[in-house]
Amino acid sequence: MSLLDTRPLSGVLGASVEGVDLASDLDDDLVAAIRAAFVDHHVLVFRDQDLSPEQQMRFGRSFGDLDTHPFVAGNDEFPEIIDVITEPDDRFTFGGGWHTDVTFLAEPDLGSILYAVDVPSGAGDTLFANQHAAYDALSDTMKGMLHGLVGLHSAGPQYGEGGLSTGNTAMRTRAADLADAVVRHPVVRTHPESGEKALYVNGAFTIGIDGLHGEESRTLLRFLLRHAVKERFTCRVRWEPGTLVMWDNRSVQHYALYDYAGQRRHMRRVTVKGDRPV
Ligand code: SIN
């Protein structure tokens with residue numbers, strides 16, 4: 001029997017975890033139970049946490065080394081923490097489109113851990129989509145066509161010159177030539193812990209499919225991107241100050257909703273390093 005009391009967030013992914021104080025010292029059995037629940041549910045929600053940046057980083061390190069973002073400056077004191085801030089005057093929010101974190105890296109982060117410091121009341125939710133469920137729902141013929149295909153990923157559309165993610169006032173993002181490097185990942189990846197297959201393309205960073213002509217690549221990608229985030233594969237998390245959510249970048253996409261213009265939202269994010277998708 002698991003040490004954890006979990007309650008599902010939807011029929012397809014996500015669970016809230018009750019009765020765990022993440023500020024305390026977590027023993028190895030509890031960390032192992034959280035990791036198992038993370039692989040099973042893909043998104044874990046812990047409510048009513050009171051975490052300093054150091055405690056959030058210590059929790060993140062229970063799952064591996066922490067990463068720093070190549071194009072978004074970290075917190076001055078704690079470079080592994082990104083303050084995800086939307087100011088009242090901003091016109092868009094960081095993460096405001098379906099994506100999987102940092103797939104432009106050869107070894108994208110295994111997971112992300114986001115803690116709510118200040119959230120607009122009743123708004124600023126985050127959506128998640130289960131990419132195992134999206135893959136499973138495809139026909140066997142489509143699955144057969146996708147196996148062996150390679151997606152081309154780049155930070156260029158977000159962090160290249162004039163990129164979509166470089167105009168937010170509160171976050172210190174930087175456009176860089178490096179952003180245009182192209183990295184190759186399988187269109188269908190196998191989760192290294194569960195062995196399950198998942199779709200692995202996303203609208204923010206996947207710029208094409210290797211070996212297909214331009215129109216073929218755009219058409220297939222458009223279909224996959226729409227399919228991957230159909231409502232039936234999703235759950236939605238409502239934040240309160242003190243909510244912490246960890247998600248598995250090997251099996252989900254996410255989307256930060258921007259429905260609170262004129263209000264401020266401040267989250268703290270740490271990410272755990274991952275390995276090369278296969
Ligand atoms: C992100 O994409 O990491 C940010 C998600 C959010 O702010 O809800």
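What to note about this one:
- Residue, farthest from the chain's Cα centre (by Cα), within segment 111-132, restricted to residues that are more than 14 Å from the ligand (Cβ to nearest atom) and open to solvent by less than 20 Å² (accessible area, probe 1.4 Å): HIS132
- THR173, sole failed condition from (1) surrounded by fewer than 21 Cβ atoms within 10 Å (Cβ to Cβ); (2) within 15 Å of THR100 (Cβ to Cβ); (3) within 15 Å of the ligand (Cβ to nearest atom): (2)
- Count of segment 42-74 residues, restricted to those that are open to solvent by 20 Å² or more (accessible area, probe 1.4 Å) and within 22 Å of GLU240 (Cα to Cα), is 8.
- Segment 235-278, residues that are among the small types (Gly, Ala, Ser), surrounded by 14 or more Cβ atoms within 10 Å (Cβ to Cβ) and not in a strand (DSSP E or B): GLY242, SER251, ALA261, GLY274
- Selection over segment 194-234 of residues that are in contact (Cβ under 8 Å) with a residue 24 or more places away in the chain and open to solvent by 70 Å² or more (accessible area, probe 1.4 Å) gives a count of 6.
- Subset of segment 88-110 that is acidic (Asp, Glu) and surrounded by 15 or more Cβ atoms within 10 Å (Cβ to Cβ) - its residue that is farthest from the ligand (Cβ to nearest atom): ASP90
- Any pair with Cβ under 6 angstrom, 6 or more apart, that starts in segment 124-138 at a residue that is small (Gly, Ala, Ser) and ends at one that is within 13 Å of the ligand (Cβ to nearest atom) and assigned to a strand (DSSP E or B): GLY124/ARG265; ALA129/GLN253
- Residue within segment 91-109 that is out of contact with any Pro (no Cβ under 8 Å at 6 or more places or on another chain) and more than 20 Å from ALA204 (Cα to Cα) present: no
- Among the residues here, GLU54 qualifies as away from the ligand (no atom under 16 Å from the Cβ) and either part of a helix (DSSP H, G or I) or at pLDDT below 95 (or both).
- Some residue of segment 132-153 being closer than 24 Å to PHE71 by Cα and touching a Phe, Trp or Tyr at 6+ places or on another chain (Cβ under 9 Å): yes
- For beta carbons closer than 9 Å, sequence separation of 6+ or different chains, a first residue in segment 259-278 that is touching a residue at least 24 places away in the same chain (Cβ under 8 Å) and a second that is among the acidic types (Asp, Glu) and in a strand (DSSP E or B), the qualifying pairs are ARG264/ASP118; ARG265/ASP118; HIS266/ASP83; HIS266/ASP118; MET267/ASP83; MET267/ASP118; ARG268/ASP83; ARG269/ASP83.
- Among the conditions (1) under 19 Å from the mean Cα position of the chain (by Cα); (2) basic (Lys, Arg); (3) over 20 Å from MET267 (Cβ atoms), ARG7 misses just one, which is (1).
The values are calculated or read from the model by the stated rules, or taken from the named source; none is laboratory data. Owing to the predicted nature of the structure, the values given are computational and were not obtained by experimental measurement. Using ideal geometry, Cβ is built from the backbone for each residue, glycine included, and neighbour counts are taken over all protein chains shown. Just so you know, the surface numbers come from the protein's heavy atoms only, side chains and all, with ligands and any DNA or RNA stripped out. Shrake-Rupley method; radii C 1.70, N 1.55, O 1.52, S 1.80 Å.
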